[in-house]
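Taking it in order: structure first as structure tokens, then the write-up.
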Amino acid sequence: MDNFTFQNPTKLVFGKGEVKQLSTLIPKDKKIMITYGGGSIKKNGVYDSVINALKGYNITEFGGIPANPEYEVLKEAINKCKAEKIDFVLAVGGGSVIDGTKFIVAGAKYEGDAWDFISGKATVKDALDFATVLTLPATGSEMNCGAVISRRETKEKYAFSSTHCFPLFSVLDPENIYSLPQRQITNGIVDTFIHTMEQYLTFDNKTYLMDRFAEGILSTLINIAPDLTSGKKDYQTYANFMICATMGLNNFISMGVVQDWATHMIGHEITALCGLDHGQTLAIVFPGTMDIMRKEKKDKLLMYAKNVWHIDTTDQNKAIDLVIEKTENFFKSIGMKIRLSDYDIKKDVINTIVSRFEQRHWNVGENGIVTPNKVRLILERVY
Ligand code: NZQ
Ligand code: ZN
């Protein structure tokens, strides 16, 4: 196990009807800006419940944050925060709204162009207070300090993180996700699954407890996925889905752990260049990462095969083939496509992605083992 420092300051407020707690969680004298996306919260009643809970507060709003939050739009929100002297932002939405809000709260306390945080020209030194009401379990953004921001004009998508960007609190009411379309439930299951795998499927670093936590999240997702995708609105199923997603990326399972993240880095390029949803990119890339990196990841692949899928691992190669197939079938069973060509993407995109990795001198994955050449092999495997 590696040395580590752990701190996660976000308060979780979980359960049916808990949006009403907003008035006890936010001081009365705050000037609040509510941020949201394309309008789903106005159709499913979440907006109304937030506004009801905040009666008597000084509120303004900023809607229209798109999926894969866009720099140009967020810049407008930053200007609004500065002009109206906002001192608290409440993000109501999924990962895109929450990530966008992290960029907004950091940008509102910065004199220069907030893109500097992404390009590495500046680091976040301060941010406005913010909190979230989550409407889509997937990213874990409600309880971590990372964000991923896109720039459409250059087809770029990059992550940034800062300890100033932890939400003060997040309200998770499973009933707020009943309105999710199947596509987003599927995306959320896959994103949570791959977050867990990025922190598990490296090499055996003797992190026994964290490995069992990770296997617990994976097994829970596999167990609840049929019910989640059946269209049945069962409170306990949705509640377990929500907490799996949060625990998948709030640093609890990564204490002392060696992490990968190559699948995410490749996936972000596919979203930036081809517009696929984040979850869709992961379902394509991850089986390729497992297969192409099977030698380096052998011990963990076998642990995963045995403990999560109960596969006999006596014949190691056979077990690894089988666990890759089982993972692909799991994604397919919840309605995911698992090949780039399933989305009519031209094979040329592989060259573009590989040359971006080369230009940026990116060797990703644990210990930089996923070189640009491995990225090519992974993408060719899953074309
Ligand atoms: O915009 P609205 O109208 O709200 O609709 C959204 C959007 O169209 C809709 N939706 C959300 N909650 C809903 C709902 N529709 C009906 N009922 C509800 N309750 O779902 C669509 C997708 O929303 P989005 O927020 O984009 O999805 P997600 O939560 O999957 O977030 C994806 C973004 O998060 C980043 C991704 O790269 C991507 O940009 N990630 C952030 C991470 C982090 N901060 O730690 C880690 C992740 O790996 C990921 O990279
Ligand atoms: Zn993700």
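The values are calculated or read from the model by the stated rules, or taken from the named source; none is laboratory data. Computed from a predicted structure; not experimentally measured. Neighbour counts run over all protein chains shown; Cβ positions are idealised from the backbone, glycine included. With ligands, DNA and RNA removed, areas are computed over all heavy atoms of the protein, side chains included. Shrake-Rupley method; radii C 1.70, N 1.55, O 1.52, S 1.80 Å.
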Checklist entry - Along the positive direction of the dipole of the chain (beta-carbon charges: Lys, Arg +1; Asp, Glu -1; about the Cα centre), which of Tyr36, Val257, Gly288 reaches farthest? => result Tyr36
Checklist outcome for this item: the stretch 215-370 accessible area per residue, 1.4 Å probe, protein heavy atoms, integer Å², reads 41 Å²
Checklist outcome for this item: Full extension between Glu111 and Met255 adds, at 0.36 nm per residue less the Cα distance, a length in nm of 48.3 nm
Checklist entry - Points 7 angstrom from Cα along the Cβ direction at Glu358 and Lys206: gap in nanometres? => result 4.1 nm
Next on the checklist: With angles folded into 0 to 90 degrees, how steeply does helix 71-83 sit against the dominant principal axis of the chain? Use alpha carbons for both and round to 10.
Outcome noted: 30 degrees
Checklist outcome for this item: One would report the antiparallel percent of DSSP beta bridges in the stretch 11-176, rounded to the nearest 5, as 20 percent
Next on the checklist: At 0.36 nm per residue, and after removing the present C-alpha to C-alpha distance, how many nm does the segment from Asp299 to Arg152 gain when stretched out fully?
Outcome noted: 48.9 nm
Checklist entry - Which angle between 0 and 90 degrees, to the nearest 10, do you get for helix 298-309 versus the longest principal axis of the chain when only C-alpha atoms count? => result 70 degrees
Item to check | Beta bridges per DSSP with both ends in the chain, % antiparallel, nearest 5 | outcome: 25 percent
Item to check | Highest-first arrangement of 174-185, 108-119, where packing means the average Cβ count within 10 Å | outcome: 174-185, 108-119
Next on the checklist: Among Lys233, Lys11, Lys43, which one shows the highest mean-square fluctuation when the chain is modelled as a Gaussian network with alpha-carbon springs under 10 Å?
Outcome noted: Lys43
Next on the checklist: I want to check the label-to-label distance for Lys82 and Glu380. Put each point 7 Å from Cα in the C-beta direction and report it in nm to one decimal.
Outcome noted: 4.9 nm
Next on the checklist: Please flag any cysteine in the chain that has no other cysteine's Cβ under 4.7 angstrom from its own Cβ.
Outcome noted: Cys81, Cys244, Cys274
Next on the checklist: In Å², and per residue, what accessible area does the stretch 11-176 have when probed at 1.4 Å with the other protein chains present?
Outcome noted: 40 Å²
Checklist entry - Taking the Cα centre of each part, how many Å lie between the stretch 139-177 and the stretch 268-340? => result 25 Å
Item to check | Full-stretch length increase - Lys43, Gln236 - with 0.36 nm per residue and alpha-carbon distance subtracted | outcome: 67.2 nm
Next on the checklist: Helix 262-274 against the longest principal axis of the chain: what's the angle in degrees, Cα atoms only, rounded to the nearest 10?
Outcome noted: 70 degrees
